[in-house]
Amino acid sequence: MKRQLTLTLAALLAAGTAMAQEPQPGGVLKIASTSDIRSLDGTRQDANTDAVLHHIFDSLVAYRDDMTVGPLLAESWETSEDGKTWTFTIRDGATYHNGKPVKAEDMVWLWDRLMARGETTGTPWLCQPVFDGSGSLKVNDVSAPDDRTLVFELEDPSPLFLERMADVICHIYGVSPDNVDADGNWIEGSAIGTGPFKLKEWKKEQYVALEKFDDYVPVDAPRSGYAGDRTAYVDEVQFVVVPDSSAAEAAALAGQVDVTPLSNLDRADEMEAEGMSVLSAPGLSLTAVLLQTQDPLLSDVRIRKAIAHAIDLEQLTEVTTSGLTKANPSGVPLSSAYYGEEFANWPDYDVEKAKALLEDAGYDGTPITIQANKRYNSMYNNAVLLQAMLAQAGITAEIEVLDWAAQLDNFFSGNFQMSSFGYSQRTDPAIIYGMFIGDKDTYPTAQWDDPKVSELYGKITSEADFDTRRDLLVELQAKMAQDVPILPLHYWPVVQMAGPDVHGYEAWSLAKPRAWGVWKDQ
């Protein structure tokens, strides 16, 4: 992990330099974005839209760097003894961009608007099924006893309620009712929020310009993730549309943009040599190899364990991520507050053990097909490395290259033996494990079909105490290392680069750009 250690040291040195410097107010920070935003009211959204809107609007609560939930628009909260009532206190001094104070009743108005969105606009709120009882969580009532107190009443206690409230895609943030007209329609071009930046100009398909909100009063908590102190230092931030990643990297080298993702990890050394700061963070997108446990061959746990013993996770991760992260065969990301050495519990790399298990299972060299695609090079590269490692143990593997759409269809139908795959980012370990635990007959996307595992998983999702929940997660991981229903490899790292005159900018696990706390040489 030489490259990773080098970057970590560089990051520490950069952090020390940043702490030694006083932030310099002023200037324009330009952030490359692969596409234009889709809306200002959040009815049409994607990752780039969410990134911009979360600079304009402060969430009620937000994820910290370690994926715990911290304060933002709400400075504090408490729960009732039965876990059904959550009471939030709006931070003192919270103000909209038009100068009006934020009131708790505005959040009640927003909640009602979000829940009714499908009927009023034809575009349902993306997170409505999370809170309306379609799943395990139901909000019965939201009220505002006074200007700074917001109360949520739940049907049943839910340990995941706070995490769901912090979800970036849910947009449970400070929105002024002045954004809508007398008929309740969003006023075109309006974006009156509570965040550290306010809308200056949206030049469609070119850039979105936000200017510093001078009257912003931050919550009294350290900056971390999307939570805490979000004080802005630059006068303006521009999200510049640069669809092509290579063009964005060239623009950064030319000084035309200040921050951009680094898509080709092999170029990290080159970019640093050109004076750019390469910034990495552990990601939340699980890279894995799926195993169809209903397949006649792979239904034998000895075969699955042999495959696991044949894979050098550290080497595979080093090669495919250029050493920018480390192997992680669990459902707990490295950045998670739950993570510890227990989650490295997995069959060790041992080719002789693999061969012995294969002999015991009577494996006769029957080929195993690994599905992959070339839209995501990392998935194809993982398949190639996997094929070579399996061959050393005497396992014949063939790679079937498909269009990504076809491979995804096969995932949804369970039509594969092995599949080099990647899950989208999730913030909570219970949600990550939940992506692949379940009844295969009902949910073909489930990889781990075991009633006892589902029972253990149910305990995790209903447990509120951190330490108890962690102990249950450790037990779940130990069971997964025995069953090997899936081959988790690592979490794809978040890698960005910033210009030499940019200070205070940090990559983080959610991979969203953050312009607050950042300044530039003048």
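The values are calculated or read from the model by the stated rules, or taken from the named source; none is laboratory data. Only a predicted model underlies this, so the values are computations on that prediction, with no experimental measurement involved. Positions of Cβ are generated from backbone atoms using ideal geometry, with glycine treated the same way; all protein chains shown enter the neighbour counts.
Taken over the stretch 193-238, the residue count meeting the criterion of being free of Cβ contacts under 8 Å to residues at least 12 places away in the same chain and outside any loop (DSSP other than H, G, I, E, B) is 2. Of the residues making up the stretch 340-389, those that are buried (at least 20 other Cβ atoms within 10 Å of the Cβ), under 23 Å from the mean Cα position of the chain (by Cα) and assigned to a helix (DSSP H, G or I) are 343, 379, 382. Which residue, of 70, 83, 133, is modelled with pLDDT of 95 or more and under 27 Å from residue 428 (Cβ atoms)? So the residue among 70, 83, 133 that is modelled with pLDDT of 95 or more and under 27 Å from residue 428 (Cβ atoms) is 70. Among the residues of the stretch 104-114, at least one is touching a Phe, Trp or Tyr at 6+ places or on another chain (Cβ under 7 Å), in contact (Cβ under 8 Å) with a residue 24 or more places away in the chain and either surrounded by 14 or more Cβ atoms within 10 Å (Cβ to Cβ) or of a type outside the set (Phe, Trp, Tyr) (or both). Scanning the stretch 97-143 for residues that are in a loop (DSSP other than H, G, I, E, B), hydroxyl-bearing (Ser, Thr, Tyr) and either under 23 Å from residue 187 (Cβ atoms) or in contact with a Lys or Arg (Cβ under 7 Å, 6 or more places away or on another chain) (or both) yields a single hit, 123. Taking residues in the stretch 260-281 that are at positive phi, and partners anywhere that are not in a loop (DSSP other than H, G, I, E, B), the pairs with Cβ atoms closer than 9 Å and at least 6 places apart or on different chains are 275/253.
If you take the residues of the stretch 390-413 that are touching a residue at least 60 places away in the same chain (Cβ under 8 Å) and surrounded by 19 or more Cβ atoms within 10 Å (Cβ to Cβ), which of them is nearest to residue 47 (Cα to Cα)? The qualifying residue nearest to residue 47 (Cα to Cα) is 390. Taking the conditions (1) free of Cβ contacts under 8 Å to residues at least 60 places away in the same chain; (2) buried (at least 20 other Cβ atoms within 10 Å of the Cβ) in turn, residue 254 satisfies each one other than (2).
Comparison of 360, 312, 350, 295 shows that the only residue that is charged (D, E, K, R) and under 20 Å from residue 436 (Cα atoms) is 295. None of 227, 166, 209 is under 27 Å from residue 257 (Cβ atoms) and either crowded, with 22+ Cβ neighbours inside 10 Å or touching a helix residue (DSSP H, G or I) at 6+ places or on another chain (Cβ under 9 Å) (or both) except 227. Residue count for the stretch 465-498 under the criterion of being among the hydrophobic types (A, V, I, L, M, F, W, C), more than 28 Å from residue 419 (Cα to Cα) and exposed (fewer than 15 other Cβ atoms within 10 Å of the Cβ): the result is 1. Every condition in (1) over 17 Å from residue 425 (Cβ atoms); (2) free of Cβ contacts under 8 Å to residues at least 12 places away in the same chain; (3) under 23 Å from the mean Cα position of the chain (by Cα) holds for residue 299 except the one numbered (3). The residue that is surrounded by the most Cβ atoms within 10 Å (Cβ to Cβ), among those in the stretch 61-78 that are in a strand (DSSP E or B) and more than 19 Å from the chain's Cα centre (by Cα), is 74.
Given 445, 427, which one is touching a residue at least 60 places away in the same chain (Cβ under 8 Å) and within 30 Å of residue 380 (Cβ to Cβ)? Only one candidate passes the filter, namely 427. Against the definition (closer than 23 Å to residue 159 by Cα and either polar (S, T, N, Q) or touching a His at 6+ places or on another chain (Cβ under 8 Å) (or both)), how does residue 420 come out, yes or no? Considered against the rule, which asks whether it is closer than 23 Å to residue 159 by Cα and either polar (S, T, N, Q) or touching a His at 6+ places or on another chain (Cβ under 8 Å) (or both), residue 420 comes out as no. Summed over the stretch 3-33, residues that are modelled with pLDDT of 90 or more and touching a Pro at 6+ places or on another chain (Cβ under 9 Å) total 3.
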